[in-house]
Structure formats: C-alpha cells, structure tokens
Amino acid sequence: MATVHPEDLRALQDLIAAAHRADTPDSRFTAECRMQYPDGEVRWMVVRAQVFFEREGVDVRTTRVVGTTQDVTARKRVEQLIRQSEERYRRLIAVSPYGILVIRADQVIFANDQALKLFGVVKADELLGKSPFELFHQACHTTMRERTRELLGGSQVAPMVEERIIKEDGTSMDVEVSSAGFSDEEGPAILVMLRDISERKRLQDRLRKTERIAELGTVASGMA
C-alpha cells in the first residue's frame with residue numbers, strides 16, 4: 001500500500017489541521033504530494049479531500065476524511081524537463097560571448113551581461129524599458145524599422161547586418177547584429193544578438209589604406 005512520502009507528510013498534516021480550525025463543519029483542500037510504493041517507486045498525486053469533523057465545546061474531532069487522488073507524475077516529469085531546459089538556456093545566455101537583447105512592444109525587456117558590457121552600463125535596469133532606437137545610431141533606424149516589420153510579420157530570422165550602437169557615454173561602436181522573431185505566452189518578441197566588430201573594422205580600414213599605398217607605389221614605379 002502506498003504511503004505519503006516523508007518529506008511531504010508534514011505539509012499534508014498541516015492542511016488537515018488547518019481544516020479543523022475552519023468555521024464550517026466541513027472543509028475542502030487540494031494538495032500535491034508524493035506517494036511512496038512498497039517497491040520503492042515514487043509518484044506524484046494531486047489530493048482533493050474534504051474533512052468532516054464535529055465540535056464538542058472547544059474540542060474538534062475529525063469524523064472522516066473523504067477524497068480522491070489523481071496521478072500527475074507524467075505532468076510533473078514534463079515540468080521538470082521544462083525547468084531543466086530553461087536552466088540550460090539561461091546558463092548558455094549567461095556565458096554567451098554575444099550581447100543578447102529581447103525586445104517586445106518596442107521596449108527592451110531582457111539584456112544579458114555581455115550586452116551590459118557592450119553598452120557600457122552596470123545594471124540591466126539601465127537598458128530595460130528603453131526603445132531599441134535609443135540604443136542604435138540614427139543611421140540604422142530605417143533598416144531597423146524594416147527588419148522589425150518583417151520579424152513581427154511572420155519572418156523568423158533576419159539576415160545578419162552591421163550596425164552601430166550608442167554606448168552610455170555617448171560613443172559609438174560597430175556591431176554585427178543577428179535577430180530572430182518568436183512568440184510566447186506574452187505575445188510576439190524579437191531576440192537580438194550583438195557582437196563587437198570594432199577591431200575587425202579597424203583592421204579592414206588599415207588593410208584598405210595599405211592597399212591604396214601599394215597601388216600608389218605601383219603607379220609611381222610605372223611613371224618612373
């Protein structure tokens with residue numbers, strides 16, 4: 001015969017005791033608890049019960065407890081898998097080398113640590129609630145509006161582009177931007193991933209200058 005798991009027994013007893021203190025001659029309660037079977041198996045149950053008792057002066061005597069149990073082990077396992085999956089994604093986002101923003105209704109609702117570093121802020125509150133148009137250079141706004149319409153209109157992924165963000169101190173930074181649209185229970189939103197490409201841009205500029213100097217040298221040699 002199955003028995004209530006020792007770790008859940010006290011909570012269940014407290015619910016029954018609380019029913020005794022009710023002002024009505026019967027009280028109902030619902031609880032989730034684990035049931036332990038003789039073979040060692042543990043299953044989750046939802047217990048719905050009604051406690052009947054009699055009062056004799058100041059004393060309360062339980063006459064009977066009538067209830068039902070519903071096996072919800074499968075649901076609890078699914079919930080556990082979801083929690084584990086969410087935790088894995090949270091860890092991945094936390095250690096991601098990319099700055100990650102989540103934008104909903106034209107407001108930033110999430111920013112990871114790397115995003116804080118890119119924008120030069122210390123706390124997420126300094127970014128949360130802001131419009132993405134406050135965070136990106138004005139020259140990027142037209143492209144941003146077009147991409148937002150595409151992502152919220154059903155397109156799941158937008159092509160990677162190079163844009164420029166405005167940091168907290170007013171300076172700008174070249175970034176590579178990847179974005180994707182998604183929906184959850186709160187509605188449509190956009191996931192934005194940012195990567196600092198300032199050093200790459202500097203190297204490209206230096207390479208172009210070197211190539212121009214080499215071309216000038218070739219022209220000068222030909223003229224000589």
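See the values below:
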| item | result |
| --- | --- |
| Segment 1-136 - percent of accessible surface contributed by carbon and sulfur, probe 1.4 Å | 54 |
| Per-residue [θ]222 nm for the chain (sum of -39500 (n - 2.57) over DSSP H runs n ≥ 4, rounded to 500) | -12500 deg cm²/dmol |
| Within straight-line cross-link reach of Lys123, aspartates and glutamates at Cα separation under 14 Å, skipping those fewer than 8 residues along the same chain | Asp113, Glu168 |
| Nonlocal amide H pairs with His137, under 5 Å, H built at 1.01 Å | Arg164, Ile165, Ile166 |
| Exposed trypsin sites (Lys or Arg not before Pro) absent - longest run of the chain, DSSP non-H/G/I/E/B, at most 14 other C-beta within 10 Å | 22-122 |
| Cβ-based charge dipole, the chain, positive-most Cα from Ala189, His137, Gln204 | Gln204 |
| Globularity index of the chain, i.e. its alpha-carbon radius of gyration over 2.2 N^0.38 Å | 1.80 |
| Å² per residue, accessible surface of the chain at 1.4 Å | 67 |
| Cα-derived Rg to Rh of segment 115-208, Kirkwood definition | 0.99 |
| Cut-off under 5 Å, modelled amide H: who pairs with Ser96 long-range | none |
| Volume of the Cα convex hull of segment 61-166, divided per residue and given in Å³ | 214 |
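The values are calculated or read from the model by the stated rules, or taken from the named source; none is laboratory data. Since we're looking at a predicted model, the values are computed, not measured. Note: ideal-geometry Cβ built from the backbone for every residue, glycine included; neighbour counts use all protein chains shown. Side chains are part of the model used for accessible areas, which takes the heavy atoms of the whole protein and leaves out ligands, DNA and RNA. Shrake-Rupley method; radii C 1.70, N 1.55, O 1.52, S 1.80 Å.
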